[in-house]
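The values are calculated or read from the model by the stated rules, or taken from the named source; none is laboratory data. No experiment lies behind these values; they were computed from the predicted model shown. Note that each Cβ is placed from the backbone with ideal geometry, even for glycine, and that neighbours are counted across all protein chains shown. Heads up: the accessible areas ignore ligands, DNA and RNA and are worked out on the full protein's heavy atoms, side chains in. Shrake-Rupley method; radii C 1.70, N 1.55, O 1.52, S 1.80 Å.
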Amino acid sequence: AQSVTQLGSHVSVSEGALVLLRCNYSSSVPPYLFWYVQYPNQGLQLLLKYTSAATLVKGINGFEAEFKKSETSFHLTKPSAHMSDAAEYFCAVSTPGNTGFQKLVFGTGTRLLVSP
Amino acid sequence: GAGVSQSPSNKVTEKGKDVELRCDPISGHTALYWYRQSLGQGLEFLIYFQGNSAPDKSGLPSDRFSAERTGGSVSTLTIQRTQQEDSAVYLCASSPDRGGAETQYFGPGTRLLVL
């Protein structure tokens, strides 16, 4: 079964610093991978997704992620953190459900803290 | 152009009572999902609907949980005889189709607290 592991429940950066949030996946088939962001008391918003086209995926708000098959990784990066990036970030893999649909299996999430 | 909406946004109930949570998906989306987000378990899949097909209930944690989707649109998640461990945020998502690359669009969630 497909799964994802997010290293680090909390990541702290200073405003303007590089953001790196780690995600490793486990999949026996080529995966579809997603990064979602959740702001306090809100639902999840898609940042970007990998669907086997380009390995470097650009998303909203300046985020990008690179699919590395050899490392089974899909780390999320942003060159310069902004205070508004403070939120919880979830990596997810699309995996087949019982009836052929695709459900999302989420990592445990990483809370990004940005200090001035 | 409205997104996924859920109601109520917050619900406080007493142990043993039944609750109903509502989800209005994006118009035209055929696939609808329910997830639960809790401190101990993270984000878990509960149930999936695709059009008028029978739902996939493989993620429901017990027979106290049920859901229906009327007319291929609005969905209601019902929890009977609520327990304190049911306290969580219940998220609904919809997508245009069921394909693996499809983006799921999430609602703001219903925060359930069982006293």
Which residue is farthest from A:Gln102 (Cα to Cα), if the candidates are limited to the stretch A:10-46 and must be of a type in the set (Ser, Thr, Tyr) and in a strand (DSSP E or B)? A:Ser14
Of the residues that make up the stretch B:28-44, is at least one touching a residue at least 40 places away in the same chain (Cβ under 8 Å) and more than 21 Å from A:Phe106 (Cβ to Cβ)? yes
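Yes/no per residue for (1) within 8 Å of chain A (Cβ to nearest Cβ); (2) in contact with an Asp or Glu (Cβ under 9 Å, 6 or more places away or on another chain); (3) more than 26 Å from A:Val37 (Cα to Cα):
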{"position": "B:Ile26", "(1), (2), (3)": "no, no, no"}
{"position": "B:Leu32", "(1), (2), (3)": "no, no, no"}
{"position": "B:Asn52", "(1), (2), (3)": "no, no, yes"}
{"position": "B:Glu68", "(1), (2), (3)": "no, no, yes"}
{"position": "B:Asp86", "(1), (2), (3)": "no, no, no"}
{"position": "B:Leu91", "(1), (2), (3)": "yes, no, no"}
{"position": "B:Arg98", "(1), (2), (3)": "yes, no, no"}
Matching option when the condition is open to solvent by less than 10 Å² (accessible area, probe 1.4 Å) and touching a strand residue (DSSP E or B) at 6+ places or on another chain (Cβ under 7 Å), among A:Leu56, A:Leu20, A:Leu47: A:Leu47
Can you tell me which residue is surrounded by the fewest Cβ atoms within 10 Å (Cβ to Cβ) among those in the stretch A:75-116 that are closer than 19 Å to A:Ser3 by Cβ and away from chain B (no Cβ under 14 Å)? A:His75
A:Ser52 being within 9 Å of another protein chain (Cβ to nearest Cβ) and in contact with a Phe, Trp or Tyr (Cβ under 6 Å, 6 or more places away or on another chain): no
Exception for B:Arg81 within (1) assigned to a loop (DSSP other than H, G, I, E, B); (2) touching a residue at least 40 places away in the same chain (Cβ under 8 Å); (3) closer than 21 Å to A:Trp35 by Cα falls at (3)
Given the residues B:Gly40, B:Gly99, B:Gly71, B:Gly59, which is the only one that is within 16 Å of B:Ser27 (Cβ to Cβ), open to solvent by 10 Å² or more (accessible area, probe 1.4 Å) and part of a loop (DSSP other than H, G, I, E, B)? B:Gly71
Note down all Cβ pairs under 6 Å where the first residue falls in the stretch A:17-44 and is farther than 20 Å from A:Gln2 by Cα, the second is hydroxyl-bearing (Ser, Thr, Tyr), and they're at least six residues apart or on different chains. A:Leu20/A:Thr77; A:Val37/A:Tyr89; A:Leu44/A:Tyr36
Quick one: what pairs do we get from the stretch B:50-73, first residue farther than 16 Å from B:Ser87 by Cα, second in a loop (DSSP other than H, G, I, E, B) and open to solvent by 70 Å² or more (accessible area, probe 1.4 Å), C-beta under 7 Å, 6+ apart or different chains? B:Gln50/B:Arg98; B:Asp56/A:Asn98; B:Asp56/A:Thr99; B:Ser58/A:Asn98; B:Gly72/B:Asn52
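Please find, among A:Phe74, A:Phe90, A:Phe67, the residue that is within 9 Å of the chain's Cα centre (by Cα), among the hydrophobic types (A, V, I, L, M, F, W, C) and more than 24 Å from B:Val89 (Cβ to Cβ).
Exactly one residue qualifies, and that residue is A:Phe74.
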Is there a residue in the stretch A:64-74 that is among the charged types (D, E, K, R), open to solvent by 40 Å² or more (accessible area, probe 1.4 Å) and touching a Lys or Arg at 6+ places or on another chain (Cβ under 6 Å)? yes
Given (1) of a type in the set (Ser, Thr, Tyr); (2) more than 10 Å from every other protein chain (Cβ to nearest Cβ); (3) open to solvent by 40 Å² or more (accessible area, probe 1.4 Å), B:Ser9 misses just (2)
